[in-house]
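Participant: This is the structure I have questions about; it appears just below.
The values are calculated or read from the model by the stated rules, or taken from the named source; none is laboratory data. Treat the numbers as computed from the prediction; the structure is a model and nothing was measured. Because the Cβ atoms are built from the backbone with ideal geometry, glycine has one as well, and the counts that use them run over all protein chains shown. SASA here: full protein model, heavy atoms, side chains in, ligands and nucleic acids out. Shrake-Rupley method; radii C 1.70, N 1.55, O 1.52, S 1.80 Å.
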Amino acid sequence: MAQARIGVIGVGTFGINHLRCFRQLGYLGVAELVAAADINEKLLAERQAEFGMPVYTDYREMLEKEQLDGVTVVTPDPLHKDIVITCAEAGKHILCEKPLDVTVAGCQQMIDACAQNDVLLQVDFHKRFDEYHLEMRRKIVAGDIGKVQYGYSHMEDRIEVPRDWFPNWARNSSPAWFLGIHFYDLTRFLLHANGVRVWATGCKGKLQSLGVDTWDSIQAKVEFDCGACVTFDTAWILPDGFEAIVNQGIRLVGEKGLIECDSQDRGTGSCCEGLGMATHNMSFLRPRIDKQGREVFDGYGITSIADFAENVNVLLDGAKLGELAPYPSGVDGLEATRIAAGVHRSLEAGGIVEL
Ligand SMILES: NC(=O)c1ccc[n+]([C@@H]2O[C@H](COP(=O)([O-])OP(=O)(O)OC[C@H]3O[C@@H](n4cnc5c(N)ncnc54)[C@H](O)[C@@H]3O)[C@@H](O)[C@H]2O)c1
């Protein structure tokens, strides 16, 4: 089998997980972490010291100098589009972080660029790879809960995320773009449906008082084309003392039953001196030491990225794009963005908007 040669663009807070994934796929002979690019030289040097690959401050130079089959784009949301289009024109397969872009038109441009250059466009919607969510999907597809009528989901970060992780671009994002997008996509995946209209309300104040000009919380009620209505509660102002970095869950009710998942509290909790109460979502990222004594990570946060490398390998082995098994595609990215953009249009309009 082919071994995809991968470059990572953007090695910040989440980019490190892409580096970890491709490094450990290298241990297994599945993919190779060939190079990385970031405009932050200091960070790039730290990542190089840890992962050992050649690094570039200009991703275009990396595209020119390295022989890459694929790239992953892990830059701030508004920067995905131009980078993806440039990489597509260079003939590279692409995994893009969520949201694909912050406009529906931008997503379409990215889809078109990838189609014109016959390259894969995959979106890192990792909630589709969570084994708990996959069981929900299996039961829904089997008809166990009947036709879904309504549902509810929540995703809420501790305030450190917009305040400390990326205060320089949090104002260009929101709870809908950063968090809601995960559950808009997951709900589309579970219901096999697209959003048709939305009504959203939101609050500002807490983050503005800290100098970060964005929404604190956004609630959105979305009607899907299967007839179900799902409410999405999103916020990123949970107190520093909250038991996990993210609180999240989903519940769907159908004609014959209901199904629900606490996607954060998987049953393991702790209370330690100086650390307080904590829950541990070990389904997402589980560090362990492999038989050779190397640190590796398991969990859906990694599986979702590895899925891209496996797709690239299938393509390198001769398959056509249309022959790949289902994966979170550019169209999925566009449809999730359609909902998030609609949420913001509704906030501005103060009422229901059509998607
Ligand atoms: N899948 C997930 O669970 C998940 C979690 C967090 C973030 N994300 C997404 O990942 C992306 C990055 O988020 P983050 O939290 O890592 O942000 P971050 O700010 O920590 O990292 C972004 C990195 O991109 C670099 N960068 C900016 N412009 C660049 C350019 N032109 N070329 C190369 N590098 C450039 C920055 O220097 C920075 O190191 C965002 O789209 C975010 O929504 C996904």
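Participant: For the stretch 223-244, list residues with backbone N below 20 Å from a point placed 7 Å from the Cα of Glu255 toward its Cβ?
Facilitator: From the stretch 223-244, the list is 223-230.
Participant: Here is a further query. Read phi for every residue in the stretch 188-201 and hand back ³J(HN,Hα) as whole Hz from Karplus 6.51 cos²θ - 1.76 cosθ + 1.60, θ = phi - 60°, with x for Gly and Pro.
Facilitator: In residue order, the calculated couplings are 4, 5, 6, 8, 6, 8, 10, x, 10, 8, 9, 10, 10, 10 Hz.
Participant: Quick one: how many lysine pairs does the stretch 1-150 have with C-alpha atoms less than 26 Å apart and a gap of 8 or more or different chains? Give me the count, please.
Facilitator: 13
Participant: Evaluate 2.2 N^0.38 Å with N set to the residue count of the stretch 34-105, then give the Cα radius of gyration divided by it.
Facilitator: Numbers: Rg = 12.4 Å, N = 72, 2.2 N^0.38 = 11.2 Å.
For the stretch 34-105, the normalised Cα radius of gyration is 1.11.
Participant: When the solvent-accessible surface of protein heavy atoms is calculated with a 1.4 angstrom probe, in what order do Trp215, Trp236, Trp165 fall, highest first?
Facilitator: Numbers: Trp215 55, Trp236 0, Trp165 105 Å².
Ranking Trp215, Trp236, Trp165 by accessible area, largest first, yields Trp165, Trp215, Trp236.
Participant: Residue-wise, which Karplus ³J(HN,Hα) couplings in Hz belong to the stretch 131-145, taking 6.51 cos²θ - 1.76 cosθ + 1.60, θ = phi - 60°, and x for glycine or proline?
Facilitator: 4, 5, 5, 5, 5, 4, 5, 4, 6, 5, 5, 6, x, 5, 9
Participant: Which cross-chain or sequence-distant (5 or more) residues have an amide H under 5 Å from the amide H of Arg286, H modelled 1.01 Å from N in plane?
Facilitator: When sequence neighbours closer than 5 places are left aside, the close amide H contacts are Asp298, Gly299.
Participant: What would the Debye equation give as log₁₀ I(q)/I(0) for the stretch 140-195 at q = 0.13, 0.16, 0.27 Å⁻¹, counting only Cα atoms as equal point scatterers?
Facilitator: With no solvent term, the Cα-only Debye profile gives -0.46, -0.61, -1.11.
Participant: Taking only protein heavy atoms into account and a 1.4 Å probe, give the accessible area per residue of the stretch 274-314 in Å².
Facilitator: Working: 2000 Å² over 41 residues.
I get 49 Å² per residue for this part.
Participant: Once you have the Cα-Cα distance between Gln208 and Glu64, take 0.36 nm times their residue separation minus that, and quote the gain in nm to one decimal.
Facilitator: Here the answer is 47.6 nm.
Participant: Can you work out the base-10 log of I(q)/I(0) for the chain at q = 0.10, 0.11 1/Å, using the Debye formula on its C-alpha atoms alone?
Facilitator: -0.62, -0.76
Participant: Mind checking which of Cys261, Cys87, Cys96 has the largest fluctuation in a GNM of the chain, springs on alpha carbons under 10 Å?
Facilitator: Evaluated over the chain, the most mobile residue of the options is Cys261.
Participant: What are the semi-axes of the equivalent ellipsoid for the stretch 131-225, taken as the square roots of 5 times the Cα gyration tensor eigenvalues, largest first, in whole Å? Display every interim value, and only then the final one.
Facilitator: On the way: eigenvalues 193, 42, 19 Å².
Square roots of five times the eigenvalues give 31, 14, 10 Å.
Participant: Further, regarding this structure: Over the chain, with every protein chain in place, what whole percent of the accessible area is carbon and sulfur at 1.4 Å, could you tell me? Could you put the intermediate results ahead of the total?
Facilitator: Details: 7700 of 15310 Å².
Roughly 50 percent, rounded to a whole number.
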